[in-house]
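Encoded as structure tokens, the structure appears first; notes follow it.
The values are calculated or read from the model by the stated rules, or taken from the named source; none is laboratory data. These numbers come from a predicted model, not from an experiment. Using ideal geometry, Cβ is built from the backbone for each residue, glycine included, and neighbour counts are taken over all protein chains shown. Ligands, DNA and RNA are stripped out before the accessible areas are found, and what is left, the full protein with its side chains, is counted by its heavy atoms. Shrake-Rupley method; radii C 1.70, N 1.55, O 1.52, S 1.80 Å.
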Amino acid sequence: MKDKNVRNFILLGAIALACLLIPAVLIELRVIDAYSAQILTLGGLNAIMAISVNVISGITGQLSLGQAGFEAIGAYTVIALTESVGIPLPLSILLAALVAAFAGFLIGFPTLKLEGDYLAIVTLAFGEIIRVFLVNLKDLTGGPNGKQFSTILTTSLDHGAMISYLAIIGTLILIIILLHNFIRSTYGRAILAVREDEIAARSNGISVFRYKMIGFVIASFIAGVAGGLYAPFLGFIQPKQFDFNASINDLIYVVFGGMGSVTGSVIAAFSLTILQEALRILKDYRLLIYPVLLILMMLFRPQGLLGTKELSFTSMYEKAPAFCKNLLARFRKEA
């Protein structure tokens, strides 16, 4: 068992390093151009937000429509801490995520006692309140027209595209690893029990409200991380970038990937981000194709790409020899 765990750790570590370093090297060598690098990096940001939504909607089992509000808190907190206070960017991102998590605690404490549509309405209202507040906070945000934040724009640095990719994709990989370990912990299994059946969980001594709160705060923290990375990546942000449509887009990634599947959400976020850019040649007609894809997914694969399952590289590695053997035997038989 110990040898197997060591082998799995080495395999997953090698895959994570390959996903992180190989594209970064190709970006630095200009094999991947700046535009494609930006799309890949934006896909990583969307994947982090998809994970945030999946934690609260797929893993905890609560419907939230205001995650973009926590992303906005993270983004503008980073701007305030970096430009006004002079705190280094990495520390500012961590502090911004903690501020977003604290906001999630304040919002979750009175609202997580609600269920279903009521919780969704309250979180939707919270997201809109944050947006309106930012629109009127003109000194920090520039009002509805937005503001340029050149002092924290990583793309203004040498090797900026590679730095942005490494920072965002590296953070994404770290979040996936930590979240998978959390789900397998005692707290994670208690949250899953609450998702499956609150009455049964409560009858077994699990505090339903407590574990809902833990899931909500973790989701808010991850959204704050996404916002903290979003501001220096783009350099120019507006309050309208964190409106209701942004929260719905993040929810669509989760629906496509599968409620409760972290890797499914990541795959869907990257796929749909690339698809949106590929369809730009169709101009306004691309707005018709995107909803059609969602309708087809709901009709033929309502559980999403992976459902509640996770993409397991170790399982694929273990099954690869038998798969290749069967494929070779079939080829010989046909020949």
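Being modelled with pLDDT under 90, open to solvent by 50 Å² or more (accessible area, probe 1.4 Å) and at positive phi is a property that does not hold for Gly61. Each residue in the range 93-129 was checked for being more than 17 Å from Ile218 (Cβ to Cβ) and either among the hydroxyl-bearing types (Ser, Thr, Tyr) or outside any helix (DSSP H, G or I) (or both), and 5 pass. Whether a residue is in contact with a helix residue (DSSP H, G or I) (Cβ under 8 Å, 6 or more places away or on another chain) and not in a loop (DSSP other than H, G, I, E, B) was assessed, and Lys283 does not pass this test.
Looking at Tyr285, Tyr290, Tyr230, just one residue is over 23 Å from Gly66 (Cα atoms) and either among the hydroxyl-bearing types (Ser, Thr, Tyr) or open to solvent by less than 10 Å² (accessible area, probe 1.4 Å) (or both), and that residue is Tyr285.
Of all residues in the range 197-224, those that are in contact (Cβ under 8 Å) with a residue 60 or more places away in the chain and either touching a Gly at 6+ places or on another chain (Cβ under 8 Å) or farther than 24 Å from Ala100 by Cα (or both) total 9. Of all residue pairs spaced 6 or more apart or on separate chains, those with beta-carbon atoms under 8 Å, a first member in the range 169-187 that is of a type outside the set (Val, Ile, Thr) and a second member that is surrounded by fewer than 18 Cβ atoms within 10 Å (Cβ to Cβ) and assigned to a helix (DSSP H, G or I) are Gly170/Leu20. Scanning the range 90-131 for residues that are open to solvent by less than 90 Å² (accessible area, probe 1.4 Å) and over 28 Å from Ile168 (Cα atoms) yields Pro110, Thr111, Leu112, Leu114, Gly116, Leu119, Ala120, Val122, Ala125.
Residue-level check: of (1) open to solvent by 30 Å² or more (accessible area, probe 1.4 Å); (2) assigned to a helix (DSSP H, G or I), Asn54 misses just (1).
Condition check ((1) at positive phi; (2) in contact with a Phe, Trp or Tyr (Cβ under 8 Å, 6 or more places away or on another chain)) across all residues:
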{"position": "Thr77", "(1), (2)": "no, no"}
{"position": "Glu83", "(1), (2)": "no, yes"}
{"position": "Gly86", "(1), (2)": "yes, no"}
{"position": "Leu91", "(1), (2)": "no, no"}
{"position": "Ala97", "(1), (2)": "no, yes"}
{"position": "Tyr118", "(1), (2)": "no, no"}
{"position": "Leu124", "(1), (2)": "no, yes"}
{"position": "Ile129", "(1), (2)": "no, no"}
{"position": "Asp139", "(1), (2)": "no, no"}
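Out of curiosity, is Ala223 assigned to a helix (DSSP H, G or I), within 16 Å of the chain's Cα centre (by Cα) and of a type outside the set (Lys, Arg)? So Ala223 fits the description; yes. Within the bounds of the range 63-76, is there any residue that is part of a helix (DSSP H, G or I) and closer than 21 Å to Leu305 by Cβ? Scanning the range 63-76, I find at least one residue that is part of a helix (DSSP H, G or I) and closer than 21 Å to Leu305 by Cβ, so the answer is yes. Quick one: in the range 173-187, of everything that is under 30 Å from Gly43 (Cα atoms) and of a type outside the set (A, V, I, L, M), which residue is most open to solvent (accessible area, probe 1.4 Å)? In this case the residue turns out to be Arg184.
When residues of the range 188-198 are filtered for being in a helix (DSSP H, G or I) and exposed (fewer than 15 other Cβ atoms within 10 Å of the Cβ), how many remain?
In the first step, residues of the range 188-198 are kept if they are in a helix (DSSP H, G or I); the result is 188-196, 198.
Among the residues that remain, those that are also exposed (fewer than 15 other Cβ atoms within 10 Å of the Cβ) are: 189, 196.
Qualifying residue count, the range 188-198: 2.
Is it true that some residue in the range 210-219 is part of a helix (DSSP H, G or I) and under 15 Å from Ala75 (Cα atoms)? The answer is no; no qualifying residue exists.
Looking at Gly235, Gly264, can you tell me which residue is at pLDDT 80 or above, out of contact with any Pro (no Cβ under 6 Å at 6 or more places or on another chain) and either open to solvent by less than 30 Å² (accessible area, probe 1.4 Å) or closer than 26 Å to Leu166 by Cα (or both)?
Step by step, each of Gly235, Gly264 is checked, and only Gly264 is at pLDDT 80 or above, out of contact with any Pro (no Cβ under 6 Å at 6 or more places or on another chain) and either open to solvent by less than 30 Å² (accessible area, probe 1.4 Å) or closer than 26 Å to Leu166 by Cα (or both).
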